[in-house]
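Report on the structure given below.
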Amino acid sequence: MPHHTGPLLTTPVFDALRRAQRKGQPEVSVSLDLGCSLASVALASDHWQAGGVRYPWPDKVRERTVYYFDGESFQPLSRFGQYGLIKLVPTDWDVPTFEIDGIKMLPSAKVSPLEDARTKVALVQPAGKTVLDTCGGMGYFARACLEAGVGRILSFERNPEVLWLRTHNPWSPDPDSNFAGGRLQLTHADVSQAISTLADASVDAVLHDPPRFGIAGELYSQDFYAQLARVIRPGGRLFHYTGSPNKLTSGRDVPGEVAKRLERAGFAAERALDGVVARRR
């Protein structure tokens, strides 16, 4: 799917445009791509113009929402699908997170979602390696790997609405871009099934960031961990995000459970950050 290149609006950007227009300024510089760059915008009472294209003023721009231009008007970057309402959500760090039915899928309160991804990716030392990215999401693991000099990254994402959001998110890497340089292979598939198509010992490292256990229990199963052990080379590193769900309510130790299953699958595993880091024995 080609990446969208039109303007993206958030409340702070819309407010900056309106303030400048009400002050009678003929133009103003703002970011129309979630902080990736600045653009010069010409202002008029009934429209604004950027890159030689005229755009109508939106009637309303809501907080915590990113808007894109669909050719006629500005619409929220959200969609209903099989897995609920998927929505791109702006953050204080420019790099957006996303939500499924109001539940944030990426950390953003204390750190940028991309910076968080860079920290976790560093644990598997991707430079020059072939990396399996099991649950691609917004592609921030993939972007961090590309920045770090990965040789090749195999990324899977089962949710078509998430893939659609990625095409509108300028921080999500485009497999066809010069930045990716042919190193990113993004596949629309459920990795719990697609992993069987990968050859034995065909990847050097794994990044596993599954949805919570309640909606993707198969990605925490012993069978799936056995598949991860099969496709990764001896000595290969794995980072598995777990968070700490149910710790306060039930006392359940999900990271500990995951580490034990990975050990049984053939990994040496230990807690790290908000998950588990492991090495194939």
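Can you name the strands (runs of 3 or more DSSP E) wholly within segment 164-281 that have at least 1 residues being under 30 Å from residue 67 (Cβ atoms)? So that I can check it myself, show each step before the final result.
On the way: elements: 184-188, 203-208, 232-241, 267-272, 275-280.
Answer list for segment 164-281: 184-188, 232-241.
Are any residues in segment 75-101 assigned to a loop (DSSP other than H, G, I, E, B), of a type outside the set (Phe, Trp, Tyr) and touching a residue at least 40 places away in the same chain (Cβ under 8 Å), and if so, which ones? Before you say what the answer is, go through the steps one by one.
Narrowing segment 75-101 to residues assigned to a loop (DSSP other than H, G, I, E, B): 77, 82-83, 90-96, 101.
If we keep only those that are of a type outside the set (Phe, Trp, Tyr) too, we end up with 77, 82, 90-92, 94-96, 101.
Residues satisfying the conditions are 77, 82, 90, 94, 95, 96.
Number of residues in segment 115-145 that are part of a helix (DSSP H, G or I) and crowded, with 21+ Cβ neighbours inside 10 Å: the value is 11. Annotation note: of 70, 33, the sole residue that is out of contact with any Asp or Glu (no Cβ under 6 Å at 6 or more places or on another chain) and either among the aliphatic types (A, V, I, L, M) or farther than 14 Å from residue 171 by Cβ (or both) is 70.
So how many residues does segment 158-175 have that are without any contact (Cβ under 8 Å) to a residue 60 or more places away in the chain and surrounded by fewer than 23 Cβ atoms within 10 Å (Cβ to Cβ)? Looking only at that region, the number is 2. Quick one: in segment 241-266, of everything that is of a type in the set (D, E, K, R) and modelled with pLDDT of 75 or more, which residue is surrounded by the most Cβ atoms within 10 Å (Cβ to Cβ)? The extreme case among them is 261. Taken together, 202, 221, 172, 192 contain a single residue that is assigned by TED's automatic domain parsing to the domain that holds residue 272, modelled with pLDDT of 95 or more, within 15 Å of the chain's Cα centre (by Cα) and small (Gly, Ala, Ser), which is 172. Among the residues in segment 126-137, are any without any contact (Cβ under 8 Å) to a residue 40 or more places away in the chain and of a type in the set (D, E, K, R)? No - not one qualifying residue is present in segment 126-137.
Taken as a whole, the condition of being within 16 Å of residue 168 (Cβ to Cβ) and within 32 Å of the chain's Cα centre (by Cα) does not apply to residue 56. Report whether or not residue 66 is of a type outside the set (D, E, K, R), touching a Lys or Arg at 6+ places or on another chain (Cβ under 9 Å) and assigned by TED's automatic domain parsing to the domain that holds residue 17. Here the answer is yes, as residue 66 does meet what is asked. The number of residues in segment 176-208 being under 30 Å from residue 7 (Cβ atoms) and surrounded by 20 or more Cβ atoms within 10 Å (Cβ to Cβ) comes to 2.
Here residue 47 fulfils each of the conditions (1) within 18 Å of residue 168 (Cα to Cα); (2) touching a strand residue (DSSP E or B) at 6+ places or on another chain (Cβ under 6 Å) apart from (1). Quick check on segment 227-234. Is at least one of its residues surrounded by fewer than 14 Cβ atoms within 10 Å (Cβ to Cβ) and over 22 Å from residue 114 (Cβ atoms)? There is at least one residue in segment 227-234 that is surrounded by fewer than 14 Cβ atoms within 10 Å (Cβ to Cβ) and over 22 Å from residue 114 (Cβ atoms). Test of understanding: among 137, 214, which residue is modelled with pLDDT under 95 and either within 18 Å of the chain's Cα centre (by Cα) or at negative phi (or both)? Every option except 214 fails the conditions.
Name the single residue, out of those in segment 178-207 being polar (S, T, N, Q) and touching a residue at least 12 places away in the same chain (Cβ under 8 Å), that is farthest from residue 156 (Cα to Cα).
The selected residue is 202.
The values are calculated or read from the model by the stated rules, or taken from the named source; none is laboratory data. Since the structure is predicted, the reported quantities are computational estimates derived from the model, not experimental observations. Please note: Cβ atoms are built from the backbone with ideal geometry, for glycine as well, and neighbour counts cover all protein chains shown.
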